Structure formats: structure tokens, C-alpha cells
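Encoded as C-alpha cells, the structure appears first; notes follow it.
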Amino acid sequence: MIKYKSDEKGIHFLPNRFHCYITKDDLVFKNHAQYLKRLELASIISLTVLSILFLGWKRMETSEPVLKKAAISIDVYQDIPQTFQQNRAPAPSRPTVPIASEDEAIPEDETIEFTDIDFEEVPPPPPPPQEEIDESIPVFVPFDEPPTPIGGIAAIQQNLVYPEVARLAGVQGTVLLHLQIDEKGIVKNVRVINSLGLADMDQAAINAVRAVKWKPARQRDLPIMVWYSVPIRFALAEN
């Protein structure tokens, strides 16, 4: 058994017959040498493994993709139609040179003398004719307030006379009228848009709207003449 004691300077080995002294610097040098040997051994092992992997990778065979060949078929026509060159129409002949005729029946050429025209004395063209406006044709005119009958629809119904023929036949329904109402509220023109098939009923509806005084339509607080649609209802009283 080896006995030792340590102090600040180093380690003292106290064998039975010999006395040995090792300093701390000697221990540090010994540990550093062992570290270098281990690092060298690890580097050799790493390089060996990388060399084996590199050589093994080069020996691996890569498979090349196989491209499929497309089947191409060429059709050869044995009977090829023969082509024919079309002949163009001949060019028109040049005009012939006029030759004086000896026939006395042909009149001689006449020369028209030069005439002076004074364009300042030419009268101006007449003005275009004025187009007459047919007021009976409906024309849409925008308005802010529509025309209304004085007394409302009830006033028109009071002036509506039911034709006796329609009453006996039991005809009832609605007649749609298109009215032209001027700035004074007077019905100037009437057109029947939807009829019940009886002229007496159409005329009774026209007479009823003409018998009523109307308030004219207004556009920016000014009375204007417009076309306006009014439905007239014919209904029989239930017994």
C-alpha cells in the first residue's frame, strides 16, 4: 500500500522504502496529452467512416427512366387525285382608235361654248318644311305631380252611365283610357288602350272623363300638358 500526502506544492508519495514527489504541473501535462490522443483517435475514426460512406455511395447504381416510344402511323394514299390548272380568262382587248366615218348621216361634233355663271346671283335654297306636330300622338313628358280629377275617382263614377245593352248582357270590367290633359285641366284627346269589346262602354267611359274638371300636371310648380292613363271600372250592383 502506497501512502501519500498532498499540499500546495504537489503530492508526496510515501512508499515503504522510497520517497517520490510529483508536482501539479506534471499532472496537468499528463491530462493534456491524454486529451490529444483521444481527439486524434476520434478524428481517425470519423475520417474512416466518411471514406466508407463515400465509396459505398459511388458504387450505388441509379436507375435511368425509361421513355415510352409513341406509336406513329403514317397513312399513305395510293390514289392521289390529279390537279388541273385553271385557265384564266383572256385580258380585255385595248380600245380601238376612232376613225372618221364618211357617212353623211352622222352629225358633226358640236363644241359647247364656255359660259360664265355668277354664283352670287343664284338665289338661296328654300327653307326646309316645318314638321307639323300631331298632338294626338302620345308623347311622354316627365312631371312632378300627376293630373288628378277634381272630386277624385268618385266624380268620374258619378258621371259614368252604364250602357243598357251591357247591363242586360251582364258585361262588366275595366276600360283603360289614355288622356291628354292640357295646362288648363281640359281633356283634349282620349285613346282607348284596353276595351271590353263594346263600343257603348268605351264611349260611356270617354264621356265620364270629359265631364270632369281636372287639375293639370305640374313640373317645377308649372302646369304642363301630359298624357295620363286612367282606368274606368264598370261593375253591376249585386241583387
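The values are calculated or read from the model by the stated rules, or taken from the named source; none is laboratory data. Please read all numbers here as calculations on a predicted model, not as lab measurements. Because the Cβ atoms are built from the backbone with ideal geometry, glycine has one as well, and the counts that use them run over all protein chains shown.
Observations
- Any chance Glu121 is more than 30 Å from Arg220 (Cβ to Cβ) and either at pLDDT below 75 or outside the structural domain of Ile193 (by TED's automatic domain parsing) (or both): yes
- Residues of the stretch 196-235 that are closer than 17 Å to Phe140 by Cβ and touching a Phe, Trp or Tyr at 6+ places or on another chain (Cβ under 8 Å): Ala217, Arg218, Gln219, Ile224, Val226, Trp227.
- Checked against (1) over 52 Å from the mean Cα position of the chain (by Cα); (2) modelled with pLDDT under 75, Asp134 passes all but condition (1).
- If you filter the stretch 166-181 down to residues that are among the small types (Gly, Ala, Ser) and not in a strand (DSSP E or B), you find that the one that is nearest to Thr148 (Cα to Cα) is Ala166.
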